[in-house]
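One structure below.
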Amino acid sequence: MKTIEIHSLEETNALAEALAAKVFPGLLVTLKGDLGAGKTTFTKAFGRSLGVKKTINSPTFNILKIYQGSLPFYHIDAYRLEGITQDLGFEEVFADEGVCVVEWPQYIEYTLPKERLELTITNQEGEKRLIMINGIGERYRKLEEEL
């Protein structure tokens, strides 16, 4: 596991851009963190770096939003799914060749693929954040090392 200290919105955007530069079909990124930690901010910068032209916002009401960039870009916000154990059909998204970001992944842990890149964002003072990066699976560990 790698920890990166971020001091500004620009540094958050730079990390998202660095990840987007290493994207591969089927990439799954999970984002954990308290409300206001910067999960959606990271996702917006990541999506823009993938060529998404539409405004990316939190899909809390819809749960899933799909955008078109260099690859299909899936944005899942599982915040409202706490305690739900039924099949929600996310397997199709995870099996697709697109790129998927899941906010609040702990609420759908049972449906997530084993291999993924987990980012945990922790608020510090002011704009400072700690981002812990954990690559699960060989190609995700390699990605973790490269960031």
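Where a number appears in this text, it was derived from the coordinates with a stated rule and is not lab data. Not measured: the values here are computed from a predicted model. All Cβ positions, glycine included, derive from the backbone under ideal geometry; neighbour counts span all protein chains shown.
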Checklist entry - With springs only between Cα atoms under 10 Å, which of Gly137, Gly36, Gly89 fluctuates most in a Gaussian network model of the chain? => result Gly89
Item to check | Extension gain, Glu92 back to Glu109 (0.36 nm per residue minus Cα-Cα distance, nm) | outcome: 4.6 nm
Item to check | Total formal charge among the other residues, if their Cβ is under 13 angstrom from that of Gly33, Lys/Arg +1 and Asp/Glu -1 | outcome: -1
Next on the checklist: Within the chain, count lysine pairs with alpha carbon atoms under 14 angstrom apart where the residues are 8 or more positions apart or belong to different chains.
Outcome noted: 8
Item to check | Dipole of the chain, positive end: most advanced residue of Asn134, Ser49, Leu117 [Cβ charges, Cα centre] | outcome: Ser49
Checklist entry - If you put +1 on each Lys and Arg Cβ and -1 on each Asp and Glu Cβ, how big is the dipole of the chain around its Cα centre, in Debye rounded to 20? => result 300 debye
Item to check | Residues Leu35 and Ser8, FRET efficiency given R0 of 25 Å [Cβ-Cβ distance, rounded to 0.05] | outcome: 0.80
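Would you mind estimating how fast region 6-71 diffuses translationally, via Stokes-Einstein at 4 °C and 1.567 mPa s with the Kirkwood radius over Cα pairs, in µm²/s?
For these conditions, the coefficient is 103 µm²/s.
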Checklist entry - Given the convex hull of the Cα atoms of the chain, what is a quarter of its surface area in nm²? => result 8.0 nm²
Item to check | Charged-residue dipole, Cβ positions (Lys, Arg, Asp, Glu), region 86-129 about Cα centre, Debye nearest 20 | outcome: 260 debye
Checklist entry - How big is the gap, in Å, between the Cα center of region 101-147 and the Cα center of region 69-85? => result 14 Å
Next on the checklist: Give me Leu15, Leu117 sorted ascending by neighbouring Cβ count inside 10 Å, so fewest comes first.
Outcome noted: Leu15, Leu117
